[in-house]
Amino acid sequence: MNKVIKVLAVDDERAILDTLEFTLNGAGFDCSGVESVAAAKRQLLDYTPDLILLDWMLPEQSGLAWAKILKNDPLYKDMGIILLTARAEEADKVRGLNVGVDDYVTKPFSSKELIARIHAVLRRTAPDVMHPVLEIAGLRLEKQQYQAFAFNQPLKLAPTEFRLLWYLMSHSDRTYSRNQLLDKVWGNTVYLTERTIDVHIRRLRKILADSGHDQLLHTVWGEGYCFRTAKP
């Protein structure tokens with residue numbers, strides 16, 4: 001894995017957080033821990049983790065209740081969530097999985113098991129994190145270095161243009177509205193208008209025109225934009 005994977009751990013027991021941070025940071029992750037949902041919400045204002053380790057029983061608001069909210073939020077619904085809990089009954093596991101969490105780990109758990117489960121969830125929820133290189137029809141993006149190539153010739157992309165193209169290519173043949181792209185690429189930390197997307201799409205098409213890849217960046221009238229794996 002070339003990219004450092006960000007993990008947000010939420011547990012009201014400081015000793016558990018210390019163990020998670022020590023274990024995961026030692027395994028090459030970037031793990032930070034907080035002791036409540038309120039603190040986790042503050043973290044999300046300027047920190048976007050690749051995965052959340054979430055204790056079920058938390059003060060003020062339970063991890064289960066917050067997981068349900070996250071999975072119903074378009075901005076966070078694709079983020080991996082692993083529920084950590086001492087509840088081992090099958091009914092509790094079913095309840096947790098039914099709110100949409102991606103995995104369920106009962107306490108106590110081994111470090112090896114937890115790391116394996118994190119990798120398994122990320123392969124489903126964030127494949128670009130596990131495989132940070134995309135290539136379609138001779139257009140290649142390397143996420144760690146933010147480099148782009150068309151038939152092995154380097155392209156000059158601004159960071160925002162790179163992120164937008166990466167998102168469309170990593171979800172190729174699917175149409176996304178301007179609002180969806182604003183949420184996925186820019187997040188909720190800045191206010192931008194839908195016109196921002198149109199401006200960046202025009203820039204991308206201009207950059208991709210020489211290699212002919214602009215024809216894969218398709219406008220779906222009345223719906224949004226789509227990166228196709230073949231010319232229309």
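Answer yes or no: is there a residue in region 205-214 that is part of a loop (DSSP other than H, G, I, E, B) and at pLDDT 90 or above.
Yes, region 205-214 contains a residue that is part of a loop (DSSP other than H, G, I, E, B) and at pLDDT 90 or above.
Let's see how each residue does on (1) outside any helix (DSSP H, G or I); (2) over 22 Å from Ala126 (Cβ atoms); (3) assigned by TED's automatic domain parsing to the domain that holds Lys184:
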| position | (1), (2), (3) |
| --- | --- |
| Asp18 | no, yes, no |
| Glu21 | no, no, no |
| Leu58 | yes, yes, no |
| Lys77 | yes, no, no |
| Arg87 | yes, yes, no |
| Arg95 | no, yes, no |
| Val101 | yes, no, no |
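If you go through region 138-152 one residue at a time, do you hit one that is surrounded by 15 or more Cβ atoms within 10 Å (Cβ to Cβ), within 19 Å of the chain's Cα centre (by Cα) and either aliphatic (A, V, I, L, M) or modelled with pLDDT of 90 or more (or both)?
Checked against the condition, which is being surrounded by 15 or more Cβ atoms within 10 Å (Cβ to Cβ), within 19 Å of the chain's Cα centre (by Cα) and either aliphatic (A, V, I, L, M) or modelled with pLDDT of 90 or more (or both), region 138-152 yields at least one hit.
Please state which one of Ala86, Ala39 is surrounded by fewer than 17 Cβ atoms within 10 Å (Cβ to Cβ), under 14 Å from Ile16 (Cβ atoms) and more than 18 Å from the chain's Cα centre (by Cα).
Sole residue among the options that is surrounded by fewer than 17 Cβ atoms within 10 Å (Cβ to Cβ), under 14 Å from Ile16 (Cβ atoms) and more than 18 Å from the chain's Cα centre (by Cα): Ala86.
Take Pro132 and tell me if it is at pLDDT below 90 and touching a strand residue (DSSP E or B) at 6+ places or on another chain (Cβ under 9 Å).
When the stated conditions are applied, Pro132 passes them.
When Gly224 is evaluated against the numbered criteria (1) at negative phi; (2) crowded, with 17+ Cβ neighbours inside 10 Å, which criterion, by number, is the only one it fails?
Here Gly224 clears every test but (1).
The values are calculated or read from the model by the stated rules, or taken from the named source; none is laboratory data. Bear in mind the structure is a predicted one, so any value in this text is a computation, not a measurement. Because the Cβ atoms are built from the backbone with ideal geometry, glycine has one as well, and the counts that use them run over all protein chains shown.
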